[in-house]
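Report on the following structure.
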Amino acid sequence: MSLQIIDRRLAGKNKSVGNRERFLRRYKSQISDAVRRAVSGRDIRNMEQAENITIPKRDISEPTFHHGQGGTRETVHPGNQDYLRGDRIARPQGGAGGGGSQASDSGEGEDDFTFTLSKEEFMQIFFEDLALPHLLRTQIGDNPEWKSHRAGYSHDGTPNNLHVVRSMRGALGRRIALGNAPRRELEEKQALLVEFKRFPEGRTADIAALEREIALLEKRLKKIPFLDPIDLCFRSRVKVPVPTSKAVMFCLMDVSGSMDEARKDLSKRFFILLYLFLTRHYDKIDIVFIRHHTQAQEVDEDAFFHAKESGGTVVSSALVLMHQIMVARYPSGEWNIYGAQASDGDNYTNDSARCRTLLSEKILPLCRYFAYVQVADEEQNLWQEYQHLEDEHANFAMRKAVESSQIYPVFRDLFKKEGVTS
C-alpha cells in the first residue's frame, strides 16, 4: 500500500508553496539580514513594499555525497568501456580524484541567488519576534469576545455535533431493556414447544397456540427500532465571554523649529514602523497621534506625518495632553496603555524637570510601557532628566537613533518580544 499526498494549496505556475516555505525557513538568518539592509535604504513611502533579496552563493551551497579517496571497489558502472571486473586501477597522481573546480579565464561563474519576497513575506520577517511588552487581558467590555466551551451532551443539536458512539451505546441499551422480557418469554415458549413436539399425542391445540404466541413475540421483538430519536446524543457547547486585550498607543512627535528635515525624517521612520507593526499584529488597538512644539495637538494620521506646522519647544505640553486623553478615554483598568515619544532632546530649560515629574507621577504608573527615541546625538537636559526615569522605572526605555540605518535596530530593541535576545 502506498501513500500519496497531494498539495492543493493555491500556487502560481511552476511554483511550489511548500518548497518556498522550506527555503525561507532554511535561510532565515540570511533573509533577515537582507531585509534589515533593505529597510535602511528605503524611502518612507516605500516601507511596505516587496523586496528583491540576494543571498551569496556560498550561503546556499548544498551538501553532496561522493566517493572518498582510496578503498577497494568491485563495481563497474554502466557506460564504462575501459575497464572490466578484476582490473586494477592505479591511484590518481597526487592522491586526488580529480574533483573540485578549477579557475577559468572565460569569466564564467555562478551568480548569487536572487529572489523576490512578497509584501506579506517581507512584513512578516520585518516584524518577527516583536510584541508589545507586558500586554495583559483586561476586563470584559461592552462588546466582549465569545469563546465556545463544551457543556456535556443533549438530545437536540445539529448533525455535525452528533456523537455517534454515545448514540449507538444508548440505542443498544434501549433495545436490551425493551426486549429483555419478551426475549426471555420467547425462549421459555420455544423450549415448551420443543417439549410438546416430542410427545404430540393429544397436544395439537396447545402446539398451535404456542406457535401463534411465539410468532407474536418475534413480531414484537422485530418492531423494536434499531435507532430511535431518543437515542441521538449531541455534543453541547455554550458561549462564554472572555476578556480581551484592548490596547492604545500614544505617538508623541516633536515638530519644533530645532527639528530639521533630517530629524523629522528619522522620527517619521520610527513611527511608520510602529504604525505598521501595530496595525498588522493587533486587531483591537487604538493609536493616538500627538504633534507638539510649544503647544500640543491631537491630529489624525495624515496630519501627523505630513503637516508642516512648527514653532518653539515645550515637551511637557504633549505629556499633559496625553494624560488628559488617558484619563478621559482610556481607563487603565480596561486598557493596556503604551507611549512612544520621538524628539531631538531640545527643550525649554525649566520644562525638562516637569516632563520627568509628569512621567514619573502621572503617566508611567498607568502605562504598561513608554519608549523615548532621541534623533540627535547631543545629550541635552531632557535626556539627562529621562535617564533618571530609566533607572527608577522598569517600564521606561530610551534609545538614540541619529542615522536612518539605526532606526530599525532601535525599534527592534525597544519592542522585542519578552524573553527573546537581540
Breaking point among (1) modelled with pLDDT of 85 or more; (2) of a type in the set (S, T, N, Q); (3) within 60 Å of the chain's Cα centre (by Cα), for Q190: (3)
Boolean, F196 is closer than 30 Å to R150 by Cα, in the same structural domain as S167 (by TED's automatic domain parsing) and not hydroxyl-bearing (S, T, Y): no
Subset of segment 289-301 that is touching a residue at least 12 places away in the same chain (Cβ under 8 Å) and surrounded by fewer than 20 Cβ atoms within 10 Å (Cβ to Cβ) - its residue that is nearest to G339 (Cα to Cα): E298
Enumeration of residues in segment 242-267 that are in contact with a Phe, Trp or Tyr (Cβ under 6 Å, 6 or more places away or on another chain) and modelled with pLDDT under 90: K246
Filter result (modelled with pLDDT of 90 or more and either surrounded by 16 or more Cβ atoms within 10 Å (Cβ to Cβ) or within 16 Å of A397 (Cα to Cα) (or both)) within segment 327-336: Y330
Residue count, segment 259-281 (criterion: surrounded by fewer than 20 Cβ atoms within 10 Å (Cβ to Cβ) and not in a helix (DSSP H, G or I)): 1
Any chance R235 is of a type in the set (K, R) and either in a helix (DSSP H, G or I) or closer than 30 Å to A376 by Cβ (or both): no
Matching residues, segment 312-363, being within 22 Å of F415 (Cα to Cα) and of a type in the set (V, I, T): I337, I363
Residue check for Y348: of a type outside the set (K, R), in the same structural domain as F270 (by TED's automatic domain parsing) and at pLDDT below 90: yes
Flag for D254 being surrounded by 19 or more Cβ atoms within 10 Å (Cβ to Cβ) and among the acidic types (D, E): yes
Filtered residues of segment 337-351 (kept if over 25 Å from R269 (Cβ atoms) and surrounded by 13 or more Cβ atoms within 10 Å (Cβ to Cβ)): Y348, D351
Segment 163-182, residues that are more than 56 Å from the chain's Cα centre (by Cα) and surrounded by 15 or more Cβ atoms within 10 Å (Cβ to Cβ): G179, P182
Helices (runs of 4 or more DSSP H) contained entirely in segment 282-392, each with at least 1 residues that are under 33 Å from the mean Cα position of the chain (by Cα) and within 29 Å of S245 (Cα to Cα): 301-306, 316-329, 381-392
Matching residues, segment 302-321, being surrounded by fewer than 13 Cβ atoms within 10 Å (Cβ to Cβ) and either without any contact (Cβ under 8 Å) to a residue 40 or more places away in the chain or more than 19 Å from D346 (Cβ to Cβ) (or both): D302, H306, K308
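The values are calculated or read from the model by the stated rules, or taken from the named source; none is laboratory data. A quick note: this is a predicted structure, and the numbers were derived from the prediction, not measured. Note: ideal-geometry Cβ built from the backbone for every residue, glycine included; neighbour counts use all protein chains shown.
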